[in-house]
1. For K345, which lysines qualify as cross-link partners when the Cα separation must be under 22 Å and same-chain residues fewer than eight apart are set aside?
2. Over 29 Å apart: what share of the alpha carbon pairs of the chain falls there, rounded to a whole percent?
3. Determine the sum of side-chain charges near R15: Lys and Arg each +1, Asp and Glu each -1, restricted to other residues whose C-beta is under 15 angstrom from that of R15.
4. Among V264, V132, V228, which one shows the biggest mean-square fluctuation in a GNM of the chain, springs joining Cα atoms closer than 10 Å?
5. Amide H neighbours of W45 under 5 Å, at least 5 residues apart or on other chains, H built in the peptide plane: list them.
6. For the stretch 183-224 and the stretch 293-331, compute the distance between their C-alpha centroids and round to whole Å.
7. For the residues R158, R338, R321, R55, what sequence is obtained by ranking on other C-beta atoms within 10 Å, fewest first?
8. Tell me, how many Å apart are the Cα centres for the stretch 1-80 and for the stretch 106-181?
Amino acid sequence: MRERRWETAGRLTFRDALAVGERLAALGLKPAQPVKDVICYVEDWAVDSPAEFDRLDQWATEDVTLIHAREGWQGDFFLLAGGYHTVYQQHQSVGTYCSISHPWRTRGPLRFHHPVNMLWLGFRHSHAFIRVRLQTLDVVTPGETREEARRNDWVDERRAIFLDAITTLDLPVETSVEKGGLVLTPADPVTPFFCSWPDAFGPCQFEYNSSDAFEFLVPASRLAATFVPQAASVRAYLTGFSESALEQFAAVQTGARSVYRCSVHCRLSELPEVLRIIEPQGRLYSTLCEFQTQELLPEAEEASTIIGLVGTVGGFQIEARLNRAPLKEEAMAPWLERVIGMSVKYAPLPPFV
């Protein structure tokens, strides 16, 4: 589900970040204490080799994914994806996952969506999938009504963008509008088909699965070709493979930057230690406090709120993530500043991480 997000400016010491938890406790909320076990999400930890992941061995980890990142890439997507698929076939098993992302461009003019979107061609055990995600100019979460007057325009534009992708991919997927929202359905109801990342107007992402591991190689390449001749940001995601298998993936096409993402189980007080390991490029996220906004705003709309810690080189920031805005737009930042005790700015998450 789409989220609304604000963050503090500048960098804080870890002590200052923990002081926000004390402030939340004074408001009657229940923030995590330094001794509490938390889940720390690590992203963009740059490594020279997969063996460097052993530096996190003192903690339990899960959802470990090695990402090959290529910036300014102008190669042949079919050859790149085919190379990864060839290695994947040699090492596939239950629990292994491989996908390759590439931007694609839709036709305009557009009022509510970016022309550049993202596709993922992926392989899980014995099947393949194609995933398509759109990027909106604004985040209007389910339940928010500030764009209600333009609902039909939002839905019509999104429907046209998805139809553009569906046609290029030659997928048997139908579009319709129900209760003012876009609905996507496969022509064959038994097809494993999933819609996700919804906002107020319907899904922003769909995933179509097939038991034929080769089915989407050519269609995905056609959709990726809509981005030509612009240089692309391309990523390959590898989960569940041995170090020897990862070495083979690295040889598919040299020149990629290797970064890890994973979940680390640690105490809240250990976040600075994790951050020191993943610096300078890595980022970490962890939840400091969760609450329903009516605990502090009994007269306002109900919303689920997460106050979190974000660690990057140089220190920490505080983030606030909500499933919807409980107040009018102009009142949101001032209210969050009163809760957190620091100035904040609106900072939506990037759509294609």
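Bear in mind these aren't lab numbers, they're just calculated from the coordinates by the rules spelled out. Model, not experiment: these values are computed from the prediction. As a convention, Cβ positions derive from the backbone with ideal geometry for all residues, glycine included, and neighbour counts pool all protein chains shown.
1. Once the sequence-local lysines are set aside, what remains near K345 is K328.
2. Looking at the chain, the distances longer than 29 Å represent 48 percent of pairs.
3. So the surrounding residues net to -2.
4. Of V264, V132, V228, the most mobile in the Gaussian network model is V228.
5. Here Y260, R283 satisfy the definition.
6. One Cα centre to the other: 32 Å.
7. Sorted ascending by nearby Cβ count, the order is R338, R55, R321, R158.
8. Result: 28 Å between the Cα centres.
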